[in-house]
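Undergrad: The structure follows.
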Amino acid sequence: MTRPGPRSGTRPSRAALHATAVAATAALVVAGCSGGEEAPEPSPAPTTSASAAPEAVGLPDSPVGEAAGWVVDVLDGEDPPTTDEITERFAGSFLAQVPAEQLTPIFTQLQGDRPWTVVAVTPADATDAAEVTLVGTSGQFMAMQVGLDADGLVETLFFGPGVDPDRPAASTWDELGERVDGLGATSAVLVARVDDGECVPVEGAPGGSEGADEALPLASVAKLYVLGAVALAVEAGGLAWDDELELTDDVRSLPSGTLQDEPSGTTVTVEEAATLMISISDNTATDLLVQTVGREAVEAAQVEMGASDPDRNTPFPTTRDLFRLGWGDADARERWAAAGTDERRDLLAALPDGELDVDVAAITQPVWQDGVDWFATPADVCAAHVWLQETAETAHGAPLRAVLSENPGIEVDQEDWPYLAFKGGSSPGVLTGSWLGEDADGARTVVVVQLASDDVAALANPAELVSLGQSAFALAAEGDDG
């Protein structure tokens, strides 16, 4: 499960944006989504103020660009749109969760900081989903996510805290630590050099509020263990990277990803499913791979990959399992939180097969506090990355380097870091990122950032994670003393 979308944290897709925005909007814009209360006063609480007049950029000449332009025009106007205009623009699925009468006061409040200037669009050539960074007359930044459905109607609209796209990278490790602390979340951070297969923390680098040996929720970073289980199955001879796997309703999950939208009977190779799982955090591809190798194989892979306490994720839930436990059945979530390993296995075995009946719009509240997630320490994640790279040097692991680097997640100086592997993820109240960079001499550095909060709004902006990762690699390139 993840919120950051294609490129899992840098380039949002329509499907991933939809899941993100429904969850984040519940906290920042329409808390009534899941409870029926009236919408609170929205509070984007942008994170940075401009030090100089930012340069405006144009919106894409595309359907989502036109839709975003309409929203910006509304924010720059003196009057909110009429109910008829909102109904004409927005998908029924959106309005079922956010009626026009709840949306109108949000537009009205945001008009108070007009005019708004568009200063960044990701991706720049977006067609049906985009994240638009705006700055108001006060100098505060706001992130606006817009996604369209198949009919070109707005199914996603999210306003959250924004980050100055021109904000420089942190100039010292202390400054990077201050940025982590400034997010107001429980955090565990590791910046490590890889020395003879071991992760050695960089002196002076921040450890977050908890440090590198404290287990926090992983969200989709846990998919590294699924990838490891696949590589072990290939090594054992029971699976090949070019084997074809068939999509069925029993593995069809919710976004993020794209495979969930394909018809039953669609086939993908093991390597294609692995690439989808890592590069765009495709949940259905993930569960297809777990079904193929077996839940117990993923649990065993944690041991092989150096997890300090694999029992934390035993049994290892699929993404479908977590959706059902977290947001489908409150009683099941409570039983999961109190259960031991055997009871949890029984609980997973009792979950129904077939079509997943959890409404995306219900995925609004953090559930990691009840153990509904996967858990590991930053040191564990570092060990997993190192194991995967070492396995990539074997015949059975040959595709791994390409799979892991398909989406680097951040922009770095390629002269400093010609190779960058990445896996990130998020769910309500959880934001995680992990990277392994390789310099021109083949020396490796790993950066892991795990953030968790019981407040969805605290971690609503994946751009913060991108900024932290980019800063860490910029500092690591300068040397151990930052």
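Undergrad: Within the stretch 159-174, count every residue that is more than 17 Å from Val135 (Cβ to Cβ) and either surrounded by 14 or more Cβ atoms within 10 Å (Cβ to Cβ) or among the basic types (Lys, Arg) (or both).
TA: 4
Undergrad: Given the structure, is Leu288 surrounded by 24 or more Cβ atoms within 10 Å (Cβ to Cβ), touching a strand residue (DSSP E or B) at 6+ places or on another chain (Cβ under 7 Å) and without any contact (Cβ under 8 Å) to a residue 60 or more places away in the chain?
TA: Criteria met by Leu288.
Undergrad: Are any of the residues in the stretch 251-260 in contact with a Lys or Arg (Cβ under 8 Å, 6 or more places away or on another chain), part of a helix (DSSP H, G or I), surrounded by fewer than 21 Cβ atoms within 10 Å (Cβ to Cβ) and not hydroxyl-bearing (Ser, Thr, Tyr)?
TA: yes
Undergrad: How many of the residues making up the stretch 409-424 are at pLDDT below 95 and in contact with a strand residue (DSSP E or B) (Cβ under 8 Å, 6 or more places away or on another chain)?
TA: 3
Undergrad: Among what's in the stretch 95-118 and is of a type in the set (A, V, I, L, M) and out of contact with any Leu (no Cβ under 7 Å at 6 or more places or on another chain), pick the residue that is nearest to Val163 (Cα to Cα).
TA: Once the filter is applied, the top-ranked residue is Ile106.
Undergrad: Which residue, of Ala383, Ala379, Ala398, is more than 23 Å from the chain's Cα centre (by Cα), of a type in the set (A, V, I, L, M) and at pLDDT 95 or above?
TA: Exactly one residue qualifies, and that residue is Ala398.
Undergrad: Would you call Ser209 of a type in the set (Gly, Ala, Ser), in the same structural domain as Ser308 (by TED's automatic domain parsing) and closer than 22 Å to Phe422 by Cβ?
TA: No.
The values are calculated or read from the model by the stated rules, or taken from the named source; none is laboratory data. Values in this document were obtained by computation on a predicted structure and should not be read as measured data. Cβ sites come from the backbone with ideal geometry, for glycine too, and all protein chains shown count toward neighbours.
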